[in-house]
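One structure is given below, encoded as structure tokens.
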Amino acid sequence: MAPLTRARATGGESVPSALHAAYYGQRASAGLIVTEGTWVSRQAMGFVDVPGIHSEAQVAAWREVTRVVHLLGGRIVLQLWHCGAVSHPDHLVGELPAGPSAVNPDEMSFTRDGFKPTLTPRAMTARDIHRTIEEYTLASRNARRAGFDGVEVAAHGVFLLAQFLNPRLNQRDDAYGGDQVRRRRLPLEVIDAVAEPWDGRGVGVRLSPYLASGPHFRADEDTLADHDALVAALADHPVAYLHLRGRDAAWPDGAPDMEALARYRRLFAGPLIANNGFDRGSGNAAIESGVADAVSFGRYFVANPDLVTRFAFGRSPEPGDPGTYYGGGPAGYTDYPVSV
Ligand SMILES: Cc1cc2nc3c(=O)[nH]c(=O)nc-3n(C[C@H](O)[C@H](O)[C@H](O)COP(=O)(O)O)c2cc1C
């Protein structure tokens, strides 16, 4: 099951509720669940009602989620998330967000009052970077204490680690910017740091090289070259698997671009999870052709808690309702039926 932000941590303290345990428990047959992106610290926040893993109350609540998933035979890893510059003062008690450089990412942030445009962030100091790595480490330790089977580093999308990789948003001239090697230094240091509590087991890494968003995130040859080099560099770091979001295709009827994913198979020798636009047929084809070791499903798991059973019996999955993806209560979250 691919990571899915559902914004149901509604109590104001970013704490998962009993609903989260029910939702993930219903989907335990996925085999491996990657949770929704989860804040590593208060500073990481950038979207309302998303859970965190930095307070004791959050750890206790996640422990109930992992207990239920394990009782039902599943495995679950926590996705560690930091929005960096793609946040808003509304999430940060009025403070400006911090990013690699003082460049507005020109994205939108979802606040209590709806979507608001991002602002020009504060450039992170060396001390900010050091503290951020510490926050990631603490979050990873908390995930282990909460009973997770591992963590996945979200180095994808428009978020903090992807901002450091991006030459338009990262205009630093210190050890963390200036050329390709220095732009990927923070993502790699975070991977090393969050692996520390896991006894050499390694951590998951999520990348989305084909993502295009706003004026700064382009799936051009330079971006692909940066990702090629980053993926090749992962061999020297404690990486349990690489979780790749491939090129967007029409959903649910389009076909994933296998060649776009095969590029990474040639660069990465470890376990590779392919994602984005797969169904039963294309998922099996990706495994059989050797493009990936596993396939993750996002939108289908929203509406089909028993997706594995449906696939096994050749039943069609439901597309679900995007209107209830984010926020609210059980409706569109824990009330999707299993097929009989
Ligand atoms: C409602 C929703 C929330 C998502 N939240 C996250 C997230 O928290 N972290 C992440 O890495 N990807 C997130 N994604 C992307 C999905 O993990 C996945 O890449 C995307 O849905 C494509 O896969 P699919 O075709 O199987 O749905 C989200 C997607 C959707 C639809």
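Using the Karplus equation 6.51 cos²θ - 1.76 cosθ + 1.60 (θ = phi - 60°), what ³J(HN,Hα) coupling, rounded to whole Hz, does each residue of the stretch 75-87 give in order, writing x for Gly and Pro?
3J(HN,Hα) across the stretch 75-87, in whole Hz: 10, 8, 10, 9, 8, 8, 10, 9, 7, x, 5, 8, 9.
List, in order, the whole-Hz ³J(HN,Hα) value for each residue of the stretch 160-172 obtained from phi through the Karplus relation with A = 6.51, B = -1.76, C = 1.60 and θ = phi - 60°; use x for Gly and Pro.
Karplus values, whole Hz, x for Gly and Pro: 3, 5, 5, 5, 5, 5, 7, x, 7, 8, 9, 10, 6.
Do any trypsin sites (Lys or Arg not before Pro) in the stretch 232-290 lie in a loop, going by DSSP, with at most 15 other beta-carbon atoms within 10 Å of their beta carbon, and if so which?
Within the stretch 232-290, the qualifying trypsin sites (Lys or Arg not before Pro) (loop, at most 15 other Cβ atoms within 10 Å) are 266.
Set the Förster radius R0 to 25 Å, insert the Cβ-Cβ distance between residue 13 and residue 70 as r into 1/(1 + (r/R0)^6), and round the FRET efficiency to 0.05.
Between residue 13 and residue 70 the formula returns 0.50.
At each listed q (0.12, 0.19, 0.28, 0.29 Å⁻¹), what is the log10 of I(q)/I(0) that the Debye formula gives for the stretch 105-168 modelled as equal alpha-carbon point scatterers?
-0.45, -0.98, -1.17, -1.19
How do 88, 54 rank when sorted from fewest to most other Cβ atoms within 10 Å of their own Cβ?
Arranged by neighbour count, lowest to highest, 88, 54 become 54, 88.
Determine the gain in length on full extension of the stretch residue 32-residue 316; use 0.36 nm per residue of separation and subtract their C-alpha separation, reporting nm with one decimal.
Difference between extended and current length: 100.1 nm.
Using 0.36 nm per residue, how much length does the chain from residue 232 to residue 112 gain when fully extended, once their Cα-Cα distance is taken away?
Extra length available between residue 232 and residue 112 comes to 39.2 nm.
Spin-label point model (7 Å from Cα, Cβ direction): what's the residue 182 to residue 222 distance in nm?
For residue 182 paired with residue 222, the spin-label model returns 1.6 nm.
Filter the trypsin sites (Lys or Arg not before Pro) in the stretch 89-145 down to the DSSP loop ones having no more than 10 other Cβ atoms within 10 Å, then list what survives.
Those satisfying the criteria are 112.
Let me check I have the definition right: for the stretch 217-299, take the eigenvalues of the Cα gyration tensor, multiply each by 5, take square roots. What are those semi-axes in whole Å, largest first?
21, 16, 10
Where in the chain lies the longest segment free of GluC sites (Glu not before Pro) that are both loop residues by DSSP (not H, G, I, E, B) and have at most 16 other Cβ atoms within 10 Å?
96-340
Hey, could you grab the Kirkwood Rh for the stretch 193-340? Inverse mean 1/r over distinct alpha carbon pairs, Å, one decimal.
17.1
Just grab the label-to-label distance for residue 60 and residue 93, each label 7 Å out from Cα along the Cβ direction, in nm (one decimal).
For the pair residue 60/residue 93, the computed spacing is 2.2 nm.
For the stretch 144-235, how big is Rg over Rh, using alpha carbon atoms and the Kirkwood form of Rh?
1.00
Pull out the extension gain between residue 288 and residue 104, defined as 0.36 nm times the separation in residues minus the alpha carbon to alpha carbon distance; nm, one decimal.
Computed gain between residue 288 and residue 104 is 61.9 nm.
I need the P(r) histogram for the stretch 5-123: all alpha carbon pairs, bin width 5 Å from 0 out to the longest distance, whole percents.
P(r) for the stretch 5-123, in whole percents per bin: 2, 12, 21, 21, 16, 12, 9, 6, 2, 0.
Hey, got a sec? Which chymotrypsin sites (Phe, Trp or Tyr not before Pro) in the stretch 309-340 land in a DSSP loop and have at most 15 other Cβ atoms within 10 Å?
Sparse-neighbourhood loop chymotrypsin sites (Phe, Trp or Tyr not before Pro): 313.
Starting from the Kirkwood radius over alpha-carbon pairs of the stretch 75-195, derive D by Stokes-Einstein at 10 °C in a medium of 1.306 mPa s and give it in µm² s⁻¹.
D = 107 µm²/s.
Using all C-alpha to C-alpha distances in the chain, build P(r) with 10 Å bins and read off the rounded percent in each one.
Reading the bins upward from 0: 6, 26, 37, 26, 5, 0.
In square nanometres and to one decimal, what's the mean projected area of the convex hull around the Cα atoms of the stretch 70-127?
Directional mean of the projected Cα hull area for the stretch 70-127 stands at 6.3 nm².
Values in this text are rule-based calculations from the coordinates and carry no lab data. Being a predicted model, the structure only gives us computed values, none of them experimental. Cβ coordinates were reconstructed from backbone atoms using ideal geometry, including for glycine residues, and neighbour counts include every protein chain displayed.
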